[in-house]
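This report concerns only the one structure given below.
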Amino acid sequence: MSGDLPKIDVVLSEEDLMAKIDALADVLAPRLAGDWSAINILVGATPFTSDLMKALARRGIHPVLDALWLESYRDERESSGRVLVRADIVRSVRGRGVLIIDDVFDTGRTLAFARSHLMTKGAREVITVALARKPWAPKGEGDVDYHAFDAPGRFLVGYGMDDAGKYRGLPYIGALD
């Protein structure tokens with residue numbers, strides 16, 4: 001049958017994933033008091049953004065949600081090295097704190113671009129959060145501020161992450177080789 005899944009190893013079950021997002025919300029909530037915007041990096045971070053926003057709401061934190069569609073992978077498994085704005089945010093971030101939400105922190109290019117882009121738009125500060133952090137991702141000044149879990153050095157799919165557009169709907173995080 002052509003609809004059969006390739007061999008996908010489960011890296012993080014749906015239950016473990018939700019527990020990690022809940023723990024992340026505990027850490028983020030005290031930092032996000034006041035006027036904040038949460039910027040979902042489309043398309044891959046959408047499920048993470050949705051669940052993180054719900055976890056923050058349960059803690060009384062309600063940032064203004066917007067989205068920024070950036071592209072650096074197209075349908076490849078490695079970044080092209082260039083970040084392209086496919087669709088910009090709609091709401092002003094001038095004078096607001098901004099939480100950028102991404103799916104995987106890998107090369108650091110996407111978050112560095114998004115941070116600079118939003119600071120240029122007048123954000124008072126920008127903090128970054130990623131669902132997963134790859135082992136080779138930049139450390140130090142170029143690092144992501146917060147992440148839910150340390151990912152293996154494999155290609156991830158599920159929970160918004162894809163392989164040429166497929167497998168985004170899996171409720172867990174899996175890895176392909």
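Quick notes
- Here's the list of lysines a cross-link from Lys54 could span, going by alpha-carbon distance under 24 Å and ignoring same-chain residues fewer than 8 apart: Lys20.
- Under 23 Å from the Cα of Lys166 - lysines, other chains or at least 8 residues apart: Lys7, Lys134
- J(HN,Hα) series, segment 58-71, from Karplus relation 6.51 cos²θ - 1.76 cosθ + 1.60, nearest Hz, glycine and proline x: 5, 9, x, 9, 9, x, 6, 9, 9, 9, 10, 9, 10, 10
- Exposure proxy order (Cβ contacts within 10 Å, fewest to most) of Trp136, Trp69: Trp136, Trp69
- Compared with the dominant Cα axis of the chain, that is its longest principal axis, helix 109-120 is turned about 20°.
- The long axis of helix 14-28 is offset from the longest Cα principal axis of the chain by roughly 20 degrees.
- Within the straight-line cut-off of under 18 Å between alpha carbons, the aspartates and glutamates reachable from Lys121 are Asp35, Asp66, Asp88, sequence neighbours fewer than 8 places apart in one chain being disregarded.
- Percent of beta bridges antiparallel (DSSP, the chain, rounded to nearest 5): 30
A short reminder: the numbers here are calculations on the coordinates, not readings from a lab. Bear in mind the structure is a predicted one, so any value in this text is a computation, not a measurement. When we count neighbours, we look across all protein chains shown, and the Cβ atoms used for this are built from the backbone with ideal geometry, even at glycine.
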